[in-house]
Each structure stands twice: as C-alpha cells, then as structure tokens.
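The values are calculated or read from the model by the stated rules, or taken from the named source; none is laboratory data. Please read all numbers here as calculations on a predicted model, not as lab measurements. For neighbour counting, all protein chains shown are included, and Cβ atoms are generated from backbone atoms with ideal geometry for every residue, glycine included. SASA here: full protein model, heavy atoms, side chains in, ligands and nucleic acids out. Shrake-Rupley method; radii C 1.70, N 1.55, O 1.52, S 1.80 Å.
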Amino acid sequence: VPSMQTSASKPCPCPSFKLREVASMYFTMIAVFLVILVVALQGSAPRENDFPYKVPLDPEGLLELSWNVSYPEQAVHFQLLIKNLKFGLLFGMSDRGEFENADLAVLWSNGHSSYFGDAWSDARGQLHMDSQQDYQLLRAQKAPEGLYLLLKRAFSTCDPKDYLIEDGTVHLIYGFLEKPVHSLQAINISAIHRGLQRVQLLKPNITVPELPSDMNTMEITAPDVVIPSQETTYWCYMAELPDRFRKHHIIMYEPVITAGNEALVHHMEVFQCAAEFDTFPHYNGPCDSKMKPERLNYCRHVLAAWAMGAQAFYYPEEAGLAFGGPGSSKYLRLEIHYHNPLVIKGRHDSSGIRLYYTATLRRYDAGIMELGLVYTPVMAIPPGEDTFILTGYCTDKCTQLALPAAGIRIFASQLHTHLAGRKVVTVLVRDGREQQVVNADGHYSPHFQEIRMLKEVVAVFPGDELITTCTYNTEDRSRATVGGFGIMEEMCVNYVHYYPQTQLELCKSAVDPGYLHRYFNLVNRFNDEEVCMCPQVSVPQQFYSIPWNTFNRDVLKSLYGFAPISMHCNKSSAVRFPGEWEKQPLPTITERLQEPVPRCPSIPGPRPAAPIPLDLGELKRD
C-alpha cells in the first residue's frame with residue numbers, strides 16, 4: 001500500500017514508455033486487421049466500365065493495367081490483372097522508367113505467406129519500405145483469369161520518396177518475381193524480369209459530343225502484315241480515298257487493333273499526302289526500306305494519331321477536320337510502330353485507325369498549326385548536356401496579322417521532338433504576361449507521341465504570343481546536335497489543333513543567322529585551336545568543330561537568350577505573310593505563371609509502415 005501511495009503522490013503527465021509501445025502495437029494490429037478484412041471482404045469482380053482506360057504493361061500481355069481518374073479526389077485508381085502470378089510483382093513510377101529512385105507498390109511471397117507494401121528504391125536500386133504508405137491496397141481478388149489488385153494513389157502525397165503524378169507522360173515500371181523472397185529488402189531488382197510502359201495517366205475529363213445520324217466510318221488498316229521479328233519496326237502502307245470523294249468532316253477516330261496484338265502495336269498515324277502531286281505509288285513495307293518511294297515523304301499532313309493507352313479522339317461539336325473534295329489529295333499513308341522486344345515471329349496484323357466522318361459539315365473547319373522552332377541547324381545543343389533549353393516563338397506581330405478578330409480555340413495538341421527531347425511546354429502570353437499553359441509534358445518521351453485533347457479549350461486572340469520551350473539531354477553524345485529532319489538531329493514542335501481554320505499554318509522562329517555567325521567568329525578568336533569558321537563551311541560543320549568548353553557553352557546559351565530571331569509566319573503554301581520577319585526582337589515577359597503547389601491529401605488514418613499480410617494461398621513455380 002505505501003508503494004501505491006508513493007506512486008500516486010508523483011505527478012504522471014504521460015503513460016510510461018512501455019505503455020506507449022503497447023498502444024502503438026495495438027493500433028498497428030487493428031489497422032492491419034482492418035486492411036486484411038477490407039481486402040478479404042470485397043470480393044465482387046470490378047466492373048469494366050469502372051476503369052475506362054486500359055493498357056498491357058508487358059509485351060506478352062501477362063500484366064494488364066486498367067485505371068480511372070478522380071479529379072474531385074485528386075486520385076488514381078489502378079486495377080492490375082496478373083495473369084500468371086508466381087512469387088510477386090513490382091509496379092510503380094519513376095522519372096524516365098528507371099528502377100533506381102523509383103516509387104513502387106510491391107507484392108511478394110516466400111511461397112507460403114504473401115505481403116504487400118508501398119516501397120521506394122534508392123540510387124543503387126535497393127528497396128526500402130516507405131515510412132508513408134500511399135499506395136492503398138483496396139482489394140486483392142483471385143479470378144479464373146488471374147489475380148486482380150485494386151490500388152488507390154493520390155496525385156500528390158507530399159512524401160519526398162513518392163512520384164508526383166502530373167499531366168503528360170508517366171513512365172510506369174513493372175517487374176515479376178519468379179522466385180520466393182523472404183523480405184522486401186531481399187528483392188534484387190537487377191535480377192528480375194522487368195520493363196516499362198508509357199501512358200498519359202491523367203486523361204481529360206471531357207464530355208463526349210453527340211454524334212450525327214448520317215455518320216459514316218472508314219478503316220485505314222494494314223493489309224495482313226507479318227510483323228517483322230525485330231524489336232522496332234515502322235511500317236508504311238498507302239491507302240486511297242474513293243474516287244470523287246467530296247469534302248467531309250472527320251468528327252472522331254479510334255484505334256482498330258488485331259486481337260492478340262495489343263502489346264505489339266505501339267502507336268499509329270494516318271497522314272494525308274500533298275495535293276500538288278496527282279498520283280502516289282502504292283507501297284506496303286518498312287518505312288526505312290530503300291524500296292520505299294521517295295514521294296511518300298510528301299505525305300506529312302496528320303489526320304489521326306494514336307498511341308498505346310489512348311482512347312477514341314473526339315472533335316468539338318462545332319468543328320471537324322476536313323478531308324476530301326477539291327484541293328485535297330485522295331492518297332493517305334498509314335504508319336504503324338510495332339514494338340516487338342520478344343522478337344515474336346510470324347504474327348499477322350491488320351491494325352489501323354477507324355475514321356468517323358460526316359457529309360453534313362460542321363460550322364468550322366478544324367486546322368493544325370505548327371508552333372516552336374524552324375527545322376534549321378542554326379539551333380543546336382552542345383554534347384554532354386544534362387539540361388539544355390531551346391525556345392521557339394509565335395510572336396504578337398504574326399498573330400495580329402494572321403488570326404481573325406474573334407480569335408481561335410485550341411482544343412488538342414501533339415508535342416514533338418527527336419531522341420534528345422525530355423520536356424516540352426507551350427505557354428500563352430498576352431501583353432507580356434503569361435496567361436496559361438497550353439500543353440506541357442515534364443516527362444516527355446519521343447517514343448510516346450499522341451494527339452492529346454486539352455482539359456480546357458484555350459482561346460488565342462490577335463496580338464497574343466505562343467512560346468514553346470523544349471529541354472534536351474545530350475549526355476550520351478560526343479558532338480553537337482543541330483536542328484533538322486534526321487532522327488539524330490533535333491526538333492521542338494507543338495502541333496496545335498484548333499478552330500476556325502485560318503491561313504496560318506506555321507508560326508515558328510530561329511535565331512538570326514547573322515548573330516550566329518558572330519558567335520562562330522567569337523569562338524574562333526577565343527580558342528587556341530584554329531577552327532574554320534569560313535562562310536563556305538556549313539553551319540553543322542562549324543558546330544561540329546567547336547571545342548565545347550564552359551565558355552563556348554555559356555555563350556551559346558546566352559546567344560539564344562537575347563539574340564533577335566528570324567520569324568516564320570507562314571501560310572499553308574509555305575509562303576510568309578507579308579511583312580518584315582528578320583531580326584525581330586524576342587518577346588518581353590513581364591509576369592510569369594506561378595508554379596502550381598502540389599495539394600497534399602488530408603492526413604489518413606493509421607497506415608503503418610509495415611507490410612500487409614495477404615491470404616493468397618501457397619504460390620508455386622510453374
């Protein structure tokens with residue numbers, strides 16, 4: 001009794017350390033039990049229309065991802081179907097598809113017991129359990145076709161170890177565990193079968209327009225092609241519109257994929273040929289073949305473009321893309337990119353694009369305008385650059401002259417660079433102030449290009465400016481990369497889709513050639529080596545001969561940041577609008593858009609930084 005009185009006489013503001021430990025363990029056990037209960041009880045198969053977007057993650061089609069986007073919740077629901085589960089799966093996101101510094105959801109098994117957890121990998125690829133469990137496992141359910149995992153993930157978690165899900169391209173990564181593992185840390189990611197898939201996760205939440213009753217369809221498809229047994233093939237096929245095909249409006253298009261080839265058909269485009277040629281030769285073969293007729297290079301007007309994971313593309317109710325009729329070529333070129341990393345042989349394919357069109361013309365013809373940089377070697381990127389920025393301008397002088405008083409409405413956009421491109425953004429500027437982002441992709445990949453519908457239509461008026469900025473990486477190159485059409489040369493383009501169509505087809509810029517010549521003279525003067533900067537030497541050759549020290553790099557960056565530009569304010573006939581377009585001053589920006597601040601989710605209930613046990617039964621090798 002005295003001891004109890006002694007104890008009571010001392011103030012005790014908080015529980016003892018042991019009691020706190022016990023309480024923590026108790027709540028942890030309750031949280032784990034509740035998760036297991038939720039996982040076990042929600043047994044009904046998810047309805048397909050709950051997940052409108054779908055893509056095969058691996059080339060064999062053994063791992064399928066479906067997802068939906070909730071903008072009110074600022075979250076993505078992922079449904080994974082694992083058709084041949086062995087001892088687990090890694091699924092997640094990283095900056096460019098690497099497995100180092102990645103954000104991962106991991107399912108693993110020792111053969112008897114299975115576990116799930118939110119993890120991250122460090123710079124060496126070692127896995128760690130995340131202290132903040134932001135991949136929520138909502139359901140794990142076995143079905144005849146495989147195991148379904150339903151996960152929820154907020155766009156932004158404010159966890160430094162997590163990937164921020166943004167507009168634009170997302171590099172999804174996956175890996176299969178083919179042997180039992182006894183802990184998360186025991187997983188050796190360099191030894192597993194793994195891969196990546198690029199998608200646009202945050203699809204725009206647009207209303208599907210009503211389609212007219214007189215709508216017709218036309219399929220532009222490959223004629224039973226045998227997919228070559230090599231990793232990458234671009235296949236070209238020439239098609240023709242019917243004779244005397246009058247003007248119609250394309251109002252929608254969608255992919256047609258041969259069943260079983262969903263994991264092989266990477267992306268597809270339909271191009272219309274130039275009307276200046278009466279005929280085009282028939283061709284059905286690889287686009288890079290020496291047998292391909294040269295004239296096919298004049299089929300470059302995009303009618304439709306689809307990439308893996310994309311849905312049907314709809315035009316706004318008031319506009320359609322014109323094709324057919326006078327002044328329009330009846331020749332079309334279908335281009336299909338086959339991605340066949342397993343080098344599958346003998347697979348036949350008749351994929352392509354289905355166009356929906358109407359003879360009842362809508363109020364406006366839609367147009368396509370090129371923004372960004374002119375295809376010219378005067379815009380160059382030094383070798384060995386981690387981040388190098390080039391900017392192309394569509395100036396107020398050009399839009400003032402070429403756009404109607406009521407302006408135009410941009411509703412879709414296709415960003416484009418070659419292999420060194422890493423980021424692309426186009427910003428609308430009015431009276432020197434940045435107004436809004438037209439389209440941006442901070443994880444851009446040249447291997448994943450699609451026409452993307454914008455979340456909101458962007459109005460552009462006479463006197464506005466459209467500024468397109470591209471970021472490049474040339475760390476793997478030993479000589480300068482110049483602008484041009486070749487795959488090892490570079491581009492910076494945004495093809496914007498808009499209405500009503502105007503005569504302005506191209507609004508782009510490049511540095512003034514005279515100022516570039518002064519740069520070459522300066523380099524020549526400041527370098528010990530004699531670099532020939534003679535007028536008879538081509539611009540690419542002059543760039544290739546520069547010794548790329550810090551001075552030469554920094555001066556080139558400065559040149560592109562202040563030198564006047566040559567403006568190309570062109571009509572569809574490739575003729576410039578009348579006016580003075582050389583040595584134009586760079587637009588002055590007085591007010592920039594603020595960087596969006598990620599919205600952190602409200603603090604969730606207790607989700608312990610511990611793996612969640614799952615009852616999947618015993619897992620065995622095949």
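Just a few scattered comments:
- The residues neighbouring Leu264, those whose beta-carbon lies less than 14 Å from its own, together hold a net charge of -3 under the Lys/Arg +1, Asp/Glu -1 convention.
- Built amide H within the under 5 Å cut-off of Glu505, gap 5+: Asn570, Lys571, Ser572
- Net charge of Cβ neighbours under 10 Å - reference Ile336; Lys, Arg +1; Asp, Glu -1: -3
- Taking a ≥ b ≥ c as the square roots of the eigenvalues of the Cα gyration tensor, an a/c ratio of 1.5 or more together with a/b no larger than b/c marks the stretch 215-362 as oblate.
- DSSP-assigned coil residues among chymotrypsin sites (Phe, Trp or Tyr not before Pro) in the stretch 421-486, each with at most 14 further Cβ atoms within 10 Å: Phe485
- Sequence-ordered 3J(HN,Hα) estimates for the stretch 183-198 from the Karplus curve with 6.51, -1.76 and 1.60 and θ = phi - 60° stand at 6, 4, 5, 7, 6, 9, 5, 6, 9, 9, 6, 9, x, 9, 9, 9 Hz, glycine and proline given as x.
- Computed with every protein chain present, the accessible area of Arg553 is close to 50 Å² [probe 1.4 Å].
- Calculated Rg and Dmax of the Cα atoms in Å (choose from [x] 28.3, 110; [y] 26.2, 89; [z] 27.8, 125), label: [x]
- Helical content alone sets the calculated 222 nm signal of the chain at -3500 deg cm²/dmol, taking -39,500 (n - 2.57) per DSSP H segment of four or more residues and averaging over every residue.
- At most 14 other Cβ within 10 Å, DSSP loop - GluC sites (Glu not before Pro), the stretch 477-531: Glu529, Glu530
- All lysines inside 25 Å of Lys179 as judged from Cα atoms, apart from same-chain residues fewer than 8 positions distant: Lys83, Lys86, Lys142, Lys620
- Of the whole protein surface, Thr358 contributes about 0 Å² of accessible area at a 1.4 Å probe radius.
- Straight-distance crosslink candidates among aspartates and glutamates, where the alpha carbon sits under 13 Å from Lys508 and sequence neighbours closer than 8 are dropped: Glu370, Asp396, Glu465, Glu582
- Accessible-area rank, largest first, for Lys152, Lys203, Lys247: Lys247, Lys152, Lys203, with all protein chains present and a 1.4 angstrom probe.
- For the stretch 53-203, relative contact order (Cα pairs under 8 Å, six or more residues apart, normalised by length) works out to 26 percent.
- By the combined test of axial Cα extent (at least 24 Å) and Kyte-Doolittle hydropathy (mean at least 0.0), the qualifying DSSP H helices of the chain come to 17-41.
- Scalar couplings 3J(HN,Hα) for the stretch 395-411, obtained by applying the Karplus form with A = 6.51, B = -1.76, C = 1.60 to θ = phi - 60°, are 7, 4, 4, 6, 5, 4, 7, 9, 9, x, 4, 7, x, 10, 10, 8, 10 Hz; x denotes Gly and Pro.
- Fraction of beta bridges assigned by DSSP in the chain that are antiparallel (%, nearest 5): 95
- Each residue of the stretch 119-124 was assigned a 3J(HN,Hα) from its phi angle through the Karplus curve 6.51 cos²θ - 1.76 cosθ + 1.60 (θ = phi - 60°); the sequence is 9, 9, 10, 8, 5, 9 Hz, with glycine and proline shown as x.
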